[in-house]
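Any read-out appearing in this document is the output of simple, stated calculations on the displayed coordinates, not a laboratory observation. Owing to the predicted nature of the structure, the values given are computational and were not obtained by experimental measurement. FYI the Cβ positions are ideal-geometry reconstructions off the backbone, even for glycines, and counts take in every protein chain you see.
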Amino acid sequence: MAVVSTPLSSALGIKFKSGVDSAGKDIIKTKKFSNVKVTAAPDKLLEIGTALGSLLKNEFVSVSRSDDSILVNE
């Protein structure tokens with residue numbers, strides 16, 4: 001049986017430093033933007049995420065993408 005993956009949704013994540021904990025380690029938080037088109041190209045998401053990250057008052061760390069799919073046997 002072949003397994004088929006059908007994309008359901010996608011989200012863009014912007015990671016940023018929000019401070020320092022008592023041990024001196026950076027506290028990293030993520031702001032998620034849902035309702036991203038599942039067909040959105042990775043290079044465009046990186047471009048948009050980097051642009052949004054530059055607008056933050058906190059130090060920008062990275063961009064991530066989260067995809068949700070359903071898997072079925074055919």
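Specify the angular offset, from 0 to 90 degrees and rounded to the nearest 10, of the alpha carbon long axis of helix 42-54 from the longest principal axis of the alpha carbons in the chain. Approximately 20 degrees, to the nearest 10. Over the chain, DSSP H runs of length four or greater, each weighted -39,500 (n - 2.57), average out per residue to a 222 nm ellipticity of -5500 deg cm²/dmol.
The rule of thumb for compact globular proteins, 2.2 N^0.38 Å, goes into the C-alpha radius of gyration of the chain 1.42 times.
Could you pull out the trypsin sites (Lys or Arg not before Pro) across the stretch 37-74 that fall in loop regions by DSSP (anything but H, G, I, E, B) with no more than 15 other Cβ atoms inside 10 Å? Here the trypsin sites (Lys or Arg not before Pro) that fit, given the DSSP loop and packing criteria, are 37, 57. Counting lysine pairs in the chain that sit 8 or more residues apart in sequence, or on different chains, and whose Cα atoms lie under 26 Å apart gives 22.
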